[in-house]
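Nothing in this text is a laboratory measurement; each read-out follows from the coordinates by a stated rule. Being a predicted model, the structure only gives us computed values, none of them experimental. All Cβ positions, even for glycine, are placed from backbone atoms using ideal geometry, and neighbour counts span all protein chains on display.
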Amino acid sequence: MHPLLRTIRRLGPSASSDGRCLLLLLPVAPLSSKASAAPPPEYEMPSVTWGVIQGRKERLVSRVLAIDFLRSAGVSDQAGELEAVELPSSLEVLQERLDFLLRLGLSTDDLSAYPLLLACSLRKNAIPVLSYLEKLGVTRARLAAFVRAYPACLHASVAVDLSPVVKSLRGLDVDRQDIPRVLERFPEVLGLKPDGTISTSVAYLVGIVGVAPRDIGPMVTHFPFFLGMRVGTTIKPLCEYIASLGLPMRILARILEKRPYILGYDLEETVKPNVEALLSFGVRKEMLPLVIAQYPSILGLPLKAKLAAQQYFFNLKLQIDPDGFARAIEKLPQLVSLHQNIILKPVEFLRGRGISNEDVARMIVRCPQILLLRNELMKNSLYFFKSEMKRPISELLDYPEYFTYSLESRIKPRYMRVATKGIRCSLDWFLNCSDQRFEERMRGDFIEGDAPGPSFTMGGKLQMPGSQLVSDDDNEESDDEVLYRRTVML
């Protein structure tokens, strides 16, 4: 008889109930070739997690009891996800997991939406992952929201899954203090492979589009979702389509560096219909690159409805026909998001100074930027024009861009230089040029004619009433979502 069997028999009946377990836990050499070919025993390899060895029948009974217990606690498993995972055989252990997740801030509805959370070991999964997230800077008060947004994180290994992703983010120049912000905005990033989707997306933007590597970190901070986008199906088609409209790829790169959220616009559902809407409302195809460069967010707006509403308003209140409206949109595409009561303020100011409705409409079509100006600034500039410059109002009607220049830093000093030299020139001649060019003109022996050029330029940035603009995405960063400043020319 085998020595191990003699030992069990010597222990007597008290050991008979545990004999099978002991045989499973200790290595036993096969007694013969016939024995080795026998079918596997009823009990499979026990799990050392619970310290309880169960057979098939016992496991079925335990699972039924566990499901009934969770159902009584308010957790449902309608999809049957728990059928394919191992649940603790002890209801006390299951109660401990349930209490822990509820104390974390999750609800029974959250657990019903993802019941696999109850299959996570607290010691091996939940506690190490949550402790790691807290160490990274995710506050305890926000852990519940984090798990609710990406519950699969509790199945991950800190060393194998989470830590490499965080190291990859740091390698992309994401500041350490911005890591929790990135994770909270896009918790699914923890499920990505650093050498897979993340590296492919970054490589395309840097190598093909031309995004500066130093700007990848800020892009990730403001819009981390592009790290999970497929290059072949999402990023590349969008970039190539925008470039096909005539926008140089290097300009697109500069736009993406400041507004990476554009990568999230759906090409077929949003971008292409918006381009078609611009064309259908009279915007010329050759002007599309300038429109996009000035206001990239126009590609993601519900544009057709906005254009229709603004065109009707311009025709009804400002007496500007559809063609004039299209020309104004080409020069200032932000008009589609400007509140109508803000538009009326400078219009009423000009009309109140005796300028006819027809002349006001012509001024707006030529220089729609005047619709963004505050009445106080326009009042001061008009007073100086009448009292000091003493020029006919017709010059102002022909060059409404005058209102967009700073009175103190450009209009006054340049006019004084021109008046001192006794030069008689147009407003365009001494205002619409750089400081260097103006000095050259002051040193010249003759006055050159006005050179043809853009219909509107200016010597600085134009302040826009950002708080009065319609914004369709209030969750984006202020520099990205709010139309606060713009530069008219590229």
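Starting from the 7 Å offset along Cα-to-Cβ, what nm value, one decimal, do you get for the label separation of SER406 and GLN319?
My value for the distance between the label points is 3.6 nm.
Which entries of LYS193/LYS236; LYS167/LYS258; LYS379/LYS421 have Cα-Cα distances beyond 22 Å here?
Among LYS193/LYS236; LYS167/LYS258; LYS379/LYS421, the Cα-Cα distance tops 22 Å for LYS167/LYS258; LYS379/LYS421.
Which lysines have a Cα less than 18 Å from the Cα of LYS317, not counting those fewer than 8 places away in the same chain?
LYS306, LYS345
Starting from the 7 Å offset along Cα-to-Cβ, what nm value, one decimal, do you get for the label separation of GLU92 and ALA212?
Rounded to a tenth, the inter-label distance reads 6.3 nm.
Which length gain, in nm to one decimal place, applies between LEU397 and GLU286 when the Cα-Cα distance is subtracted from 0.36 nm times their residue separation?
Result for the pair: 37.2 nm of gain on full extension.
Please compute the Cα-Cα pair-distance distribution of the range 160-264 with 5 Å bins starting at 0, giving whole percents from short to long.
2, 13, 25, 27, 17, 9, 5, 1, 0, 0
Taking the Cβ of each residue in GLU184, GLU376 as the centre, tally the other Cβ atoms inside 10 Å and list the residues starting with the fewest.
GLU376, GLU184
Please report, in whole Å, how far the alpha carbons of the range 57-156 spread along each principal axis, starting with the longest.
46, 24, 21
Mind listing P(r) for the range 183-337? All alpha-carbon pairs, 10 Å bins, whole percents.
Per 10 Å bin, starting at zero, the Cα-Cα P(r) for the range 183-337 comes out as 10, 38, 29, 16, 6, 1 percent.
Taking neighbour counts of Cβ atoms within 10 Å as a proxy for exposure, in what order, fewest first, do HIS339, HIS155 appear?
Sorted ascending by nearby Cβ count, the order is HIS339, HIS155.
Could you work out how much longer the chain between LYS124 and ASN375 gets when fully extended? Use 0.36 nm per residue separation minus the Cα distance between them, nm to one decimal.
Between LYS124 and ASN375, full extension yields an extra 83.8 nm.
For the range 84-214, place one equal point scatterer on every Cα, skip the solvent, and apply the Debye formula. What is log10 of I(q)/I(0) at q = 0.14, 0.17, 0.21 Å⁻¹?
Computed log10 I(q)/I(0) values: -0.67, -0.91, -1.24.
Test of understanding: ordering MET249, MET219, MET389 by Cβ neighbours within 10 Å, fewest first, what list do you get?
MET249, MET389, MET219
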